[in-house]
1. Condition first: crowded, with 21+ Cβ neighbours inside 10 Å, out of contact with any strand residue (DSSP E or B) (no Cβ under 6 Å at 6 or more places or on another chain) and within 18 Å of residue 314 (Cα to Cα). Now tell me which residues in the stretch 212-267 satisfy that.
2. Taking the stretch 165-179, which residues are in a strand (DSSP E or B) and in contact with a helix residue (DSSP H, G or I) (Cβ under 9 Å, 6 or more places away or on another chain)?
3. Suppose we filter 106, 118, 133 for residues that are closer than 29 Å to residue 56 by Cβ, without any contact (Cβ under 8 Å) to a residue 24 or more places away in the chain, surrounded by fewer than 18 Cβ atoms within 10 Å (Cβ to Cβ) and over 18 Å from the mean Cα position of the chain (by Cα); which single one remains?
4. Name the pairs whose Cβ atoms lie under 7 Å apart, with the first residue in the stretch 314-342 and on the phi > 0 side of the Ramachandran plot and free of Cβ contacts under 8 Å to residues at least 40 places away in the same chain, the second surrounded by 15 or more Cβ atoms within 10 Å (Cβ to Cβ) and not in a helix (DSSP H, G or I), and 6 or more positions between them or separate chains?
5. So, in the stretch 153-181, of the ones that are under 22 Å from residue 314 (Cβ atoms), touching a strand residue (DSSP E or B) at 6+ places or on another chain (Cβ under 9 Å) and modelled with pLDDT under 95, which residue ends up surrounded by the fewest Cβ atoms within 10 Å (Cβ to Cβ)?
6. Does at least one position in the stretch 335-345 carry a residue that is assigned to a loop (DSSP other than H, G, I, E, B) and touching a strand residue (DSSP E or B) at 6+ places or on another chain (Cβ under 6 Å)?
7. I'd like the full set of residues that are closer than 18 Å to residue 11 by Cβ and over 8 Å from the mean Cα position of the chain (by Cα), limited to the stretch 257-277.
8. Go through the residues of the stretch 6-22 one by one and say whether even a single one is out of contact with any strand residue (DSSP E or B) (no Cβ under 7 Å at 6 or more places or on another chain), assigned to a loop (DSSP other than H, G, I, E, B) and without any contact (Cβ under 8 Å) to a residue 60 or more places away in the chain.
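The values are calculated or read from the model by the stated rules, or taken from the named source; none is laboratory data. What you are looking at is a predicted structure, and each value in this text was computed from that prediction instead of being measured. Reconstructed Cβ throughout: ideal geometry from the backbone, glycine too, with neighbour counts over all protein chains shown.
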């Protein structure tokens, strides 16, 4: 069958979240993508707020449970921020994507492996998609959840933006003298930080900058950070952009909705994108199930407004690192990780500090 209610392009966190809800809502859903987890480097940290949004448990995938965050203004001494409960779990992104796609398939979504998308054409009654293999599929609607370098957005002539950038690699635990905790080394790179995320048998290491062009997130920079920090170079290295442009992005083009990094749903301060991906995928499905696609932008408005404020905060935080990192290492940071362990977003934390009467 080549005719569907909804085609979802992309089997990452946004695509699988949309497919799960759509299939559970009785829609005939086709997911077109490369292999789940392929081509998507990601540190793999899943926050409590994200765990609260999943429709299912990801307990089988959890490699580490984190209740302490090591913070430094690199290479100066680090501080440890301890939360009363876990605020993050560590997963391997390829495993996470494969698992979430499998959950969507259990709800009835159909997955087809493709090399890529050749064309997307909208007509009066739906959307026609042609893959690079030459296969053609029809649907009433389409969810584009195909990443920061969205092929669908490009084919439709939608504007592209430059967001954050990151590069990551792996270091085997057997090659390490000391096994680190979850670590953020601010100023390990200009306008960003270096990270160490422990994953049982290896450590995921990387460099992040909140705004494209502030520094070179390349192999040389990552190698040097790893040598300085851990005494060994990483392997399985890959670099990638992060979509942090939701405030500027158009979320809908007629019968097509954009979600995840294709919509720019990552936050700029730390580059955390899984929450925005799952949230936007679910809200895109909600709009399609309601029959009112205009609801999507309205329902995502709170997250859009939060990302505007987070981007402003990012400029301030990274512009004043000699001041902002010591503040983070103190009571501010301890309060933050405690609130993160309760599943709050950064914006919800700020509203709570200001005495807001309720939290979403």
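1. The answer is 243, 245, 246, 264, 265, 267.
2. From the stretch 165-179, those in a strand (DSSP E or B) are 165-172; that's our starting set.
167, 168, 169, 171, listed by residue number.
3. On the way: 118 fails: closer than 29 Å to residue 56 by Cβ; 133 fails: closer than 29 Å to residue 56 by Cβ.
Exactly one residue qualifies, and that residue is 106.
4. Qualifying pairs under 7 Å: none.
5. Only one residue fits best here, namely 162.
6. Going through the stretch 335-345, the residues assigned to a loop (DSSP other than H, G, I, E, B) turn out to be 342-345.
From what is left, the residues that are touching a strand residue (DSSP E or B) at 6+ places or on another chain (Cβ under 6 Å) are none.
Checked the stretch 335-345: no residue is assigned to a loop (DSSP other than H, G, I, E, B) and touching a strand residue (DSSP E or B) at 6+ places or on another chain (Cβ under 6 Å).
7. 257, 258, 259, 262, 263
8. No: zero hits.
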